[in-house]
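Q: Sharing a structure, written as structure tokens. Questions coming.
The values are calculated or read from the model by the stated rules, or taken from the named source; none is laboratory data. None of these values were measured; they are calculated from a predicted model. So basically every Cβ, Gly included, is an ideal-geometry build from the backbone, and we count neighbours across all protein chains shown. These accessible areas exclude ligands, DNA and RNA; they are computed on the full protein's heavy atoms, side chains included. Shrake-Rupley method; radii C 1.70, N 1.55, O 1.52, S 1.80 Å.
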Amino acid sequence: MKKITLMICLLLTAAGASAQQEKGIIGYSNWLDNWTEFKPQKSDSKDANQILAGNITENTKLLKRNVYILQGNVYVTNNAVLTIEPGTVIIGDAASKGTLVITKGAQIMAAGMETDPIIFTSNQSMKKAGDWGGVVILGDAPINKFGSAGSYSMDLDPALTVYGGNNPASNSGVLKYVRIEFAGKKVKGMDAFNGLTIAGVGNKTVLENIMVSYSGGDSFAFYGGDVNTAQLVSYKSINDDFKFTQGIQCRLFNSLAVRSSYLSSNKDGSRCLEVKTYEKKNETDFTKKATFVSASNMTMLNDSENITADIQAGLVKEAVYVGENASLELKRSVVSGFNPAVLIDSKTEINDANLKKIKFEEMFFNQCSGNIFKENNADNTDLESWYGNSIFFNVYSHTENKETFVDVYNAKRPDYRLQLGKITASSGK
């Protein structure tokens, strides 16, 4: 298994050994086992025997015994339900840049299993980011654009890509034990698609145990809505790992982002977490909710053999970006190998009101060139001092990852416990 994967597995093994483990991804068993794949390029390609194309207007079930090729833009419409059996493989056609869109009112029921995940991948023999489109789910939960509606048009049919409404408890279905690989096609004159786009989706939708690998755009992009998510994995995305905008209300738990100094984009707008209230200010209704994200037990790593050299070479930027008017609560999480760990929008005034909306508590900031900075601000002493206050229980370190994430089986004494991914002496309490 790849070095970075082994490191994460050791951390989870440690977490399973002690209820005291609190920071970063947690689990009494390794929840990455069986369903994830950190070397998808080496996975055997399967030949499709079924075609998905055009509009799906009635309830449809995809079967594990078949392999499906997604040709062009495929829309699930007319309030239809698309059900996908565990273990089913859907291949995005590179020539037509296949994309699956679950339109507003329709549902996807993709409930894979830990030992039998549902896989969306590329049909190319040499797979790469952006080979095909991605998966788009549109719902009728609130967003903060004028008219309470948006359209994820890209090169899609604008009549079929409307999202947003007044139902925060709406249900767009289930995505569980699902992998999405090599998505994120680039649209000429526009942006790239995302691996998984969640727009105006409500909190009855189940979004758990989803891995997006090598996306040409963002791995996970949330445009408005109200969602609960857990065990999400973003691996070596070109753009953001997790993007939040348009008034999304999101609870994100126990999730992982692994970036690469050499694959992930270093341009503006490419981070582990990007939390913004709007994309275009003139389209935003500020009487509606601003973006709010509550994230806990996140692990955000830069996969690098020499993070100091990569930072000096300009290959690394911040892990977390918080935009104007947005709220972020990040707790019990690990941020390792970034420059700096957090960047706050230059338009955000640093005052009591805004500091109450941007919280970092019980954090482990490791191998970062600076911790919490304001954009274009030469002196961040006040911010560093504020978040460094002992009441927040934040820890700052420059420890190599191989020492930070350790195999607790090397620790035999019962009076030791895992803390911050390290073995430290315990009082026994």
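Q: Where in the stretch 211-231 is the amide nitrogen less than 17 Å from a point lying 7 Å along the Cα-to-Cβ axis of D285?
A: Taking a point 7 Å out along Cα→Cβ of D285, the residues of the stretch 211-231 whose backbone N falls under 17 Å are 223-226.
Q: Here is a follow-up. Amide H to amide H under 5 Å from I180: which residues, 5+ apart in sequence or cross-chain, H placed 1.01 Å off N in plane?
A: F120, M211, V212, S213
Q: I need to check one value: relative contact order of the chain, counting alpha carbon pairs closer than 8 Å and at least 6 residues apart, in percent. Please list the in-between numbers first.
A: On the way: 1289 pairs, mean separation 50.8, N = 429.
RCO, the chain: 12 percent.
Q: Let me ask something else about it. Taking a cut-off of 21 Å, what percent of all Cα-Cα pairs in the stretch 215-288 are separated by more than that?
A: Numbers: 798 of 2701 pairs.
Percentage above 21 Å: 30.
Q: Continuing with the same structure: I'd like the carbon and sulfur percentage of the solvent accessible area for the stretch 79-134, probe radius 1.4 Å, heavy atoms only, ligands and nucleic acids excluded.
A: Numbers: 1020 of 1850 Å².
Carbon and sulfur atoms account for 55 percent of the accessible area of the stretch 79-134.
Q: Mind listing the phi-derived Karplus ³J(HN,Hα) values for the stretch 295-310, rounded to whole Hz, using 6.51, -1.76 and 1.60 with θ = phi - 60°, and x for any glycine or proline?
A: Using θ = phi - 60°, the values come out as 10, 9, 6, 9, 10, 10, 10, 9, 7, 8, 6, 8, 5, 4, 5, 5 Hz.
Q: Given the rule -39500 (n - 2.57) for each run of at least 4 DSSP H residues, summed and divided by the residues of the chain, what is its mean residue ellipticity at 222 nm, to the nearest 500 deg cm²/dmol? Working shown, then result.
A: Numbers: 5 runs with 38 residues, N = 429.
So the helix-based figure for the chain works out to -2500 deg cm²/dmol.
Q: Then there's this: Applying the Karplus parametrisation 6.51 cos²θ - 1.76 cosθ + 1.60 with θ = phi - 60° to the phi angles of the stretch 278-285, what ³J(HN,Hα) value in whole Hz is obtained for each residue in order, glycine and proline being reported as x?
A: So the J values, rounded to whole Hz, are 8, 9, 10, 4, 6, 9, 9, 8.
Q: Still on this structure: Of K42/K236; K127/K276; K276/K359, which ones are farther than 20 Å apart at the Cα? Write down the numbers at each step before the final one.
A: Numbers: K42/K236 16 Å; K127/K276 32 Å; K276/K359 15 Å.
The pairs that break the limit, which is 20 Å between Cα atoms, are K127/K276.
Q: With a probe of 1.4 Å, find how much accessible area the chain has per residue, and write the answer as a whole number in Å².
A: Details: 17320 Å² over 429 residues.
Accessible area per residue: 40 Å².
Q: Right, next: Calculated from the structure, Rg and Dmax of the Cα atoms in Å equals which of [x] 21.0, 63; [y] 24.0, 86; [z] 22.2, 68?
A: So the structure-derived entry is [x].
Q: I'd like to know which of F286, A169, N78 lies farthest towards the positive end of the charge dipole of the chain, counting +1 on Cβ of Lys and Arg and -1 on Cβ of Asp and Glu.
A: The Cα lying farthest towards the positive end belongs to N78.
Q: Compute the helix-to-body angle for 3-17: its Cα long axis versus the longest principal axis of the chain, expressed 0 to 90° and rounded to tens.
A: Tilt relative to the chain: about 70 degrees.
Q: While we're looking at this one, here's another question. For the stretch 193-336, I need the span (max minus min coordinate) of the C-alpha atoms along each principal axis, in Å, sorted largest to smallest.
A: 46, 33, 29
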